Structure formats: C-alpha cells, structure tokens
Amino acid sequence: MHPPRRPAADTAEAAALTPARRAVLTAGIMLATGLQFLDGTIVAVAINHMQGSLSATPEQISWVATAYLVTAAMFMPLAGWLSGHIGRRRMMLAAIVAFAILPVLTGSAASLEQMIPLRIALGLCGAVLVPLSQAAMLDIYPREKHGMAIGLWGIATTLGPAVAPVLGGWLAETYSWRYAFYAITPFSLVSFLILLPLLPEGLRQGQRRFDMQGFLMLTVSVGALQLMINRGEREDWFASTEIIVEAAIAITGFYMFVVHLFFARQPFLNLALFKDRNYVAGLLFVVLSGPTQFATVLMMPMMVQTVHAYPVLMAGFIMAPRGIGTIISMAIAGWLTQRMDTRILMIAGFAMLVVANYAVAVFGPDIGFWDIVIASFGQGFGMGFTMVPLSLIAYSTLSPALRPEGTALFNLVRGLSGAMSVALIVAVLTRTAQVTRSTLVEHIRPARELLYGADIPALWAIETMPGIASLNREIVHQSMLIAFQNSFLIMVVVPAAGIVLTLLIGRHKTQ
C-alpha cells in the first residue's frame, strides 16, 4: 500500500473546525446519511399495508421499492460530477430538502400512479446524498481520524435500518402506513437546520466536460442490472425473456462503457481513481464483502421465522443485537485504526464472521433463543470490524477533489454487490430446498422402517390424508433447514477468502 498523502487543502479545512463545530456537523451529516436507509426500511415495513390501501397486486406494489432502488443505482455515479459543477453543499442541502417534502407527498398519494414518480424522484436524491455525505464526513476530519469518521458514518447507515422497523411498524399498525412516510420529514428538517449554517463546500475537480455518451452507457447498464436483480427470482431468472433481455443490455452497456472509458478524451469517470492502488483494492474487497453484509441480513430473519417458527415481532428483536454489535464494533474499529495496522482489524472481523456464520450453519431445529441472539450479535460485530478498515483503505490516499466521485463509485459497487449476493443466495436457498425435498420424498414408501417408530404411525400414517399432510410439513421443514445450513456455509467460505486476501495486501497504518 502507498503511504497516505496529506494534501494541504485537506488538512487545512479540517484543522479550521473547532471540536464543537465538528461534533455538531457530524450529527447533522449522520442524520442526513440515515435518511436513505430510513426510507428504504420503512417501505419494506409498510409495503403490505400499502398494497391493500392502494388496491394493488404484489407485482404492482413491488415497484414502489424497485423504482427507488433502480433510480438510486442508475444516478449514483452522477453525484461526483454534480458536486464538481454545482457544489457539494448545494447538492446535499437540496437532497435533504427533497427528503423533507417528497415523503409527505408519497404518504398523501391516492394511487400507485402518483406514488411511483415520487419514488423515482426520491431515488435520485438518495443517489446524491449517500456518497456526498460520506465525502463530507471525510473532509471535516483530519487524515489521522478518518477511521473514526468512517465508523461514525457507518453507524448512521446502521441506525436507520435498526430504528425504522420499530418506528415504521408501530405507525403503520397504530395509525396508517402514510404516517410511516411522514415520520421521515422531521429527521430531514433537523438535519437541514444543522447543516445550513455549518456545512462547508468541498474541493472541486474543476470544470470537466460532461461525458453524456459515457453517462448514458453506464446508466443503462446499471439500471438493467438492478432490474434484473430485483425481478430475477420473481420471474424465474433466465427462464424469463425479460431477464434475458435485461442481462444482455447490462453486459453490452458495461462493455461499451469500458471501451469508451479508455478512448474518450474526458470520460465520465475520472481515470485518476483507478490509478490509486488503495482505492482499487477497496473496490475489490467491497465486492467480496457484499454477501457478508447484505445476504446474512436477509437470511437470519427468514430462517428464524421459517425453520424455528418465531413470529415476525420476535424475529425483529432477534435482529436487534446484530445492529448493536455493528454499532459497537464500528466505534471500536474507528478508534483502533489510529493505533494499529488495519489488516489486523480486517482479519479479526472476517474471523468473527466465519465463526458466527458457521455457528448458524450447524444450528439444529431445537436451537435456543439465546444461541441465535449471540450468533446475530457476532455477525454484526464482525461486520463493523471489516467495514471501517475497508473504507479507510479505499480512501486513505484518494485526493479530496476526487472524494465525491470516489465515494459515489464505491457505494454503487457496494450496493450492486449486496443486491447480487442477495439474489444469488436466495436462488441457492430456493433451489437447495427444492432438491432436498425431492430427495426426501423419494424415500417415502410404506416399507420404510423410519416411518414406523414408537410415536410416529399416528402422526405420519401415509394411508390417511392427515398423515400425508403432517409428513409433508415435516419434509418441507427439514428441506428448509438443510437449505439454510448450506447457504450459511457459503457465508463461511466468503469471509475465509477475505482473510487470505487481507494477508496478501501491504501493511497499512494511518499514522
């Protein structure tokens, strides 16, 4: 790894802030960061209530989430260019104001046709807000405290999904799903009032020409890929003509964009980003970390509800220790990055993920409540120890002028990696359950001695319809248990590979 550079402008801007001003700015930026994650989680909580209220089918209501995610993915690379030409301060404040107004309009929508354009507009604002808020956090802290800055920013991304299910679920159940959207506005207003007088303007790259051709190629490619990921499982993947077309558009668009990137005089993405070895290493690691950060978040509540028969509310409580573990470990990792080699932190984090995921993989049907809670906490703790050093390595030598564009690309890759890993693991889970069920059913026959134990005949009597139904429930249960175990074993291999790759990178220390 290259040693960190300390541009004078970077350190001067951070040094000009008093501790009190920096603390207030940090609170405002953290609130702004959490808006997108708060919105996304509230939609997931309220979407069933919205379906009935708007008289929509499951296919139609899914576009409320899909429209936002696809738009955010498509336009996130644009954040860097907009910041360089319009200004980071103006862009962030405008996006925060939009997060104060658009959720109110969304909550007041009388039909799906009114809601979808609002979700697209909000996705555009979220595409700008996330990378620019991370760049702003890095700018207000000196280089030696960037680990702390990244840890605090990561805590903000974790608090949103931790608070939203409780807040959004309570509002949707007690009042209406509309109030779940209205609840976003107060957080937006507080963030705006904090940042309006205090938020500094970031360094700009200069007046680069806008590469419309490159932007369109990248946008179409990313949009098609996000659509394919979101709708793949619902449309049975490549058995669907829609998914094949979206995949072809994504691959063709990305190929054309890469070719254009190397031959254009002023390409849409600044090639200086890819000359920074630390940044490129961070991008590679974030692709690897996608399954551990996103797929397990989806799988744990699915497993405890499907296999262990926990109610929805209890599944939410089980996931709470995961968020607590992530917040604690991010705070600790942010402090430790100033004092030790970041590789040690990454290896420790990956090792925790290996142990926690392996524990879940060997869970039997009679596992206790506290065993699940401890495993969930371990997953969250390990994630925090990998996320902070990973981001620190990526941004440690990146010029402040390149940060808006760098954070935009980094968060885009992180989001796409997470979405693809979720889609892949759901496909593996579904296929494994189907294959396992077929294998078990092959062994169900009257002469099978296993079906005639001491207490079994009355329950699984295959001569009667109730017996067949009971036996089928048990087969489905066992199939899902095996499918989840196999899926979590994949989640053991991924962080184990992360340990090996971490050992191959050079020593990196912030001071």
Just give me the residues in segment 279-309 being among the β-branched types (Val, Ile, Thr), outside the structural domain of MET420 (by TED's automatic domain parsing) and surrounded by fewer than 20 Cβ atoms within 10 Å (Cβ to Cβ), in sequence order. VAL280, VAL287
With respect to SER221, determine if the residue is farther than 25 Å from ASP139 by Cβ, touching a Gly at 6+ places or on another chain (Cβ under 8 Å) and either buried (at least 21 other Cβ atoms within 10 Å of the Cβ) or not assigned by TED's automatic domain parsing to the domain that holds GLY107 (or both). yes
Can you confirm whether segment 327-350 contains a residue that is more than 18 Å from the chain's Cα centre (by Cα), outside the structural domain of THR157 (by TED's automatic domain parsing), crowded, with 20+ Cβ neighbours inside 10 Å and not in a helix (DSSP H, G or I)? yes
Do we find a residue being over 24 Å from ILE229 (Cα atoms) and over 24 Å from the mean Cα position of the chain (by Cα) anywhere in segment 285-304? no
Might you check whether a residue that is in contact (Cβ under 8 Å) with a residue 60 or more places away in the chain and either of a type in the set (Lys, Arg) or outside the structural domain of ALA496 (by TED's automatic domain parsing) (or both) occurs anywhere in segment 249-269? yes
Does GLN226 satisfy the condition of being crowded, with 20+ Cβ neighbours inside 10 Å and either modelled with pLDDT of 80 or more or among the polar types (S, T, N, Q) (or both)? yes
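Okay, residues lined up against (1) modelled with pLDDT of 80 or more; (2) of a type in the set (A, V, I, L, M, F, W, C); (3) more than 30 Å from LEU218 (Cβ to Cβ):
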| site | (1), (2), (3) |
| --- | --- |
| THR407 | yes, no, no |
| SER438 | yes, no, yes |
| LEU450 | no, yes, yes |
| ILE475 | yes, yes, yes |
| LEU489 | yes, yes, yes |
| VAL494 | yes, yes, no |
Can we say ALA408 is over 22 Å from MET302 (Cα atoms), touching a Lys or Arg at 6+ places or on another chain (Cβ under 8 Å) and not assigned by TED's automatic domain parsing to the domain that holds ALA135? no
For segment 262-273, how many residues meet the condition of being among the aliphatic types (A, V, I, L, M) and surrounded by 18 or more Cβ atoms within 10 Å (Cβ to Cβ)? 2
If ASP276 passes every condition in (1) farther than 16 Å from ILE374 by Cα; (2) in the same structural domain as THR407 (by TED's automatic domain parsing); (3) modelled with pLDDT of 80 or more; (4) crowded, with 19+ Cβ neighbours inside 10 Å but one, which one does it miss? (2)
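The values are calculated or read from the model by the stated rules, or taken from the named source; none is laboratory data. Predicted model only: the values in this text are computed from it and were never measured. Quick reminder, even Gly has a Cβ in these numbers, built from the backbone with ideal geometry, and neighbours come from all protein chains shown.
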